[in-house]
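A.B. asks: Can you read through this structure? Questions will come right after.
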Amino acid sequence: MWEYRIIDSAKAEKSGFLKGVTIESAEEYLNQLGAEGWEVIDLDFQMDPTMPGGPTHFHGVAKRQKKISGSSIFA
């Protein structure tokens, strides 16, 4: 059995003049999800081609095994 989570760059730390998400903060956010047991199964990642290294935006879906009463349920 799985649980799913919608992931969005709006939840990642923003910085800079335009308050966009940098590649580094996106990686940090995705790595944190992985540390919590989430596996990204779909991701749409968009970078502004007019601003190399500038703001990025992403959204997608992550999943992990659902835990019930402290133990994992295997499908």
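A.B. asks: On the basis of being within 8 Å of the chain's Cα centre (by Cα), at pLDDT 85 or above and not acidic (Asp, Glu), does Ile7 make the cut?
C.D. replies: yes
A.B. asks: Just the residues that are at pLDDT 85 or above, assigned to a helix (DSSP H, G or I) and over 14 Å from Ala10 (Cα atoms), please, taken from the range 24-75.
C.D. replies: Matches in the range 24-75: Asn31, Gln32, Leu33, Gly34, Ala35.
A.B. asks: Same structure, new question: Pairs needed: first member in the range 22-42, of a type in the set (Gly, Ala, Ser) and surrounded by 17 or more Cβ atoms within 10 Å (Cβ to Cβ); second member anywhere, modelled with pLDDT under 95 and part of a loop (DSSP other than H, G, I, E, B); C-beta distance under 6 Å; at least 6 residues apart or different chains.
C.D. replies: What qualifies is Ser25/Ala12; Ser25/Glu13; Ala26/Ala12.
The values are calculated or read from the model by the stated rules, or taken from the named source; none is laboratory data. Note that the structure is a prediction, hence the values are computed from the model and not measured. Backbone-built Cβ (ideal geometry, glycine too); neighbour counts: all protein chains shown.
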